[in-house]
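The values are calculated or read from the model by the stated rules, or taken from the named source; none is laboratory data. It should be emphasised that the depicted structure is a prediction, and the values quoted were computed from it without experimental measurement. Cβ: placed from backbone, ideal geometry, glycine included. Neighbour counts: every protein chain shown. Note: accessible area is taken over every heavy atom of the protein model, side chains too, but ligands, DNA and RNA are not part of it. Shrake-Rupley method; radii C 1.70, N 1.55, O 1.52, S 1.80 Å.
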Amino acid sequence: MRPARTAAIALVLAAAATAPAFGIASVSVYGLRAPEEISGFALNDSTNFEKIKPGDGYGLDYSQSGWKLDVFIYDLKRAAIPDDAKSAIVRAEFERARADAFLAHPRGIYAQVYLRRNFTIEDGGKRTRFQCATFHMTRDGAKPQDGFLCVTSWNNKFVKLRLTTLADSNTENDARKHVAAWIAVLRGGGSRIEAEKPAKPAPAAAAARPERRPRCPEGYICEYR
């Protein structure tokens, strides 16, 4: 396994963070301008993994109150990656990333990790844009967490999103909306969600400018990759 690309992203979230709020200016990755704010998340930092290990690409660190989002853009040194989330190559990368999530248990990062379900996110034309999975994770001495993994392709690259939050009955619907917002970033246009068991969507809430937070605020424990 590639140690710099594991799915062990652990986050113990404080009920209320007290650290000062800040963010960074938008950055460009392989020609993609990363949004400073998206779906309530603020961009905190970016990491160049490519200079250390070619093929590992770049990471973008986002957060909002109660949530953490990591976005990875990379190619694993592949010459070509199909622009199709349902292609065999993208599916294989999704399955590899999904299998990596379970390594968090034997490494001792989590006491237990189990898969809840797989689902896809489609655009307005009903084309599958993301292959996704949801996980439930427990950690000794901490509250249970919900984790979400989604993989797609863009501009001859893989794009992987990982979200983490405290476990709750509404987190899956929220995570799907957060991931769907990236369809407009990568391709433009609207999106729709296709799940194994469709859930009633939550009422739309008025958008508010998110509170910017540091990469790892006081009261958080962040473990990347």
Checked against (1) part of a strand (DSSP E or B); (2) open to solvent by less than 10 Å² (accessible area, probe 1.4 Å), Trp182 satisfies every condition except (1)
Out of all the residues in the range 115-157, which are open to solvent by 30 Å² or more (accessible area, probe 1.4 Å), assigned to a strand (DSSP E or B) and more than 26 Å from Ala80 (Cα to Cα)?
Leu115, Arg116, Arg117, Thr138
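Looking only at residues that are among the aromatic types (Phe, Trp, Tyr) and either touching a Lys or Arg at 6+ places or on another chain (Cβ under 6 Å) or at pLDDT 90 or above (or both) in the range 111-134, which one is farthest from Gly188 (Cα to Cα)?
Taking the range 111-134 as the starting set, the residues that turn out to be among the aromatic types (Phe, Trp, Tyr) are 114, 119, 130.
Keeping just the survivors that are either touching a Lys or Arg at 6+ places or on another chain (Cβ under 6 Å) or at pLDDT 90 or above (or both) gives 119, 130.
Values: Phe119: 21, Phe130: 14 Å.
Top of the filtered list is Phe119.
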Out of curiosity, is Ala175 of a type in the set (A, V, I, L, M), closer than 12 Å to Leu69 by Cβ and surrounded by 15 or more Cβ atoms within 10 Å (Cβ to Cβ)?
yes
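Do we find a residue being in contact with a Gly (Cβ under 9 Å, 6 or more places away or on another chain), modelled with pLDDT under 90 and either at positive phi or not hydroxyl-bearing (Ser, Thr, Tyr) (or both) anywhere in the range 145-164?
no
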Considering only residues that are among the basic types (Lys, Arg) and farther than 30 Å from Thr138 by Cβ, which ones fall in the range 44-101?
Lys51, Lys53, Lys77, Arg78, Lys86
Before we move on, is Phe94 at pLDDT 95 or above, open to solvent by less than 20 Å² (accessible area, probe 1.4 Å) and under 15 Å from the mean Cα position of the chain (by Cα)?
yes
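Mind checking whether some residue in the range 102-114 is part of a strand (DSSP E or B), in contact (Cβ under 8 Å) with a residue 60 or more places away in the chain and open to solvent by less than 70 Å² (accessible area, probe 1.4 Å)?
Checked the range 102-114: no residue is part of a strand (DSSP E or B), in contact (Cβ under 8 Å) with a residue 60 or more places away in the chain and open to solvent by less than 70 Å² (accessible area, probe 1.4 Å).
Would you tally the residues in the range 78-92 being part of a loop (DSSP other than H, G, I, E, B) and in contact with a Pro (Cβ under 6 Å, 6 or more places away or on another chain)? Give the derivation first.
Taking the range 78-92 first, the residues part of a loop (DSSP other than H, G, I, E, B) are 78-87.
Next, from what is left, pick out any that are in contact with a Pro (Cβ under 6 Å, 6 or more places away or on another chain): none.
The qualifying residues number 0.
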Going residue by residue through the range 2-9, is there one that turns out to be farther than 18 Å from His178 by Cβ, open to solvent by 70 Å² or more (accessible area, probe 1.4 Å) and modelled with pLDDT of 90 or more?
no
Of all the residues that make up the range 51-73, how many are without any contact (Cβ under 8 Å) to a residue 60 or more places away in the chain and open to solvent by less than 50 Å² (accessible area, probe 1.4 Å)?
4
